[in-house]
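Every read-out reported here was derived from the displayed coordinates using simple, explicitly stated rules and does not represent laboratory data. This is a predicted model, so every value here is computed, not measured. Cβ atoms come from the backbone with ideal geometry, glycine included; neighbour counts cover every protein chain shown.
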Amino acid sequence: MKILVTGGTGYIGSHTVVELQQQGFEVVIVDNLSNSQAGVVDSIKKITGIRPHFEQFDLANSDKTSEFFRRHYDIKGVIHFAAFKAVGESVEKPLLYYRNNLVSLMNILDSMIANNVQNLVFSSSCTVYGQPDELPVSENAPIKKAESPYGNTKQISEEILQDTIRSSKIQTIALRYFNPIGAHETALIGELPLGIPNNLVPFITQTAIGLRQQLSVFGDNYNTPDGTAIRDYIHVVDLAKAHVVAVTRMIEDKMKEPFEVFNLGTGNGYSVLDVIKSFEKVSGQKLNYKIVDRRAGDVEKVWADSTFSNEELGWKASKELDEMTASAWKWEKAYRAKVSQ
Ligand code: UFG
């Protein structure tokens, strides 16, 4: 059973490739390496014993995409991760984000239709909910106006998918991720942001290892118990496993609608200070941080109602916050030791 994983050398993609291979799927990766490294393929092989087939090209190139699908006409499903994801950069370079994220999706859909590939799992985001009126937020909550071009690409992508499904045989599961953190237990793959990290956990681990001087905590005057913003952090391996469940559901023809949406979160909200405390506990070291102003565009609090995913997919996130921060720290240490050799 051959599955195409676009963005398969990236953070969530690489963890998903491992879980797919371990469940017996044959994986083909396409990635343009714009935000990841080819060496990830070797690391995947170290974990699973199987080297996934890898092709480096840009899915925004329609000729290369259709040529790829013609050769791999026996693909049974596509898990589409490949996209730009930096919120701040998307505000500065909106056209780059719209072109990359939307054109690649449309090229994939064209090729799927042409080659009769029907199953697509799409990486969506809890960003589509904005600041929800009710918490925890369920899949039925209204879609709020996107705060950034990045967020808008996720909303528009979901719309493109719904329209395409109406006029073709394609079926889609859109997975709305909350905040994936942590790394594989082997510490062979993990999150590897290029340059200064935007996200909380890589910034914490890079500060602790001495690459960054100090973590800035963006705001302590939110309407939350400790004043810092709350998110639903989910271990990346739990998230990866949900993709295997989703693709299996499609292949086994168990979908109830041709377009299904699932929240992928734990259902627990943790504040920025909770994450820092957890990190300090598992690492045994104090973190250098200071409170600064709020970051523009941040929502105050969001966590998932994961009832629907738990019941309908039979999937549940199992890893606790300390396990997430410990695995992120183990990965950071292992990676820095490797690159300093
Ligand atoms: N934070 C800090 N300091 C930092 C980085 C983050 O205090 O240096 C705080 C943020 O203000 C926020 C929390 O940590 O309260 C989590 O921030 P992240 O940047 O790790 O994650 P976000 O919730 O902002 O972003 C996530 C995904 C994005 C997605 C977004 C939608 O990483 O891809 O959710 O809101 F677009």
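Results, tabulated for the structure shown:
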read-out: Karplus-derived HN-Hα couplings along the stretch 137-144 (A = 6.51, B = -1.76, C = 1.60, θ = phi - 60°), whole Hz, x at Gly and Pro; value: 8, 9, 4, 8, 5, x, 7, 9
read-out: Placed amide H near TRP303: partners under 5 Å, 5+ positions off or other chain; value: VAL137
read-out: Helical segments meeting 20 Å axial Cα length and Kyte-Doolittle -0.5 threshold in the chain (DSSP H); value: 236-251
read-out: The stretch 95-125-the stretch 239-260 distance, computed between alpha-carbon centres (Å); value: 17
read-out: Flagged links, alpha-carbon separation over 31 Å, of LYS64/LYS144; LYS46/LYS169; LYS85/LYS169; LYS2/LYS281; LYS256/LYS316; value: LYS64/LYS144; LYS46/LYS169; LYS2/LYS281
read-out: Rounded to the nearest 20 debye, dipole of the stretch 48-135 from Cβ charges on Lys, Arg, Asp, Glu; value: 320
read-out: Amide H contacts under 5 Å for VAL261, placed H, 5+ residues apart; value: ALA174
read-out: Rel. contact order, % - alpha carbon contacts under 8 angstrom, at least six apart, the stretch 126-257; value: 19
read-out: Using distinct alpha-carbon pairs, which all enter the 1/r mean, Kirkwood radius of the chain in Å; value: 20.3
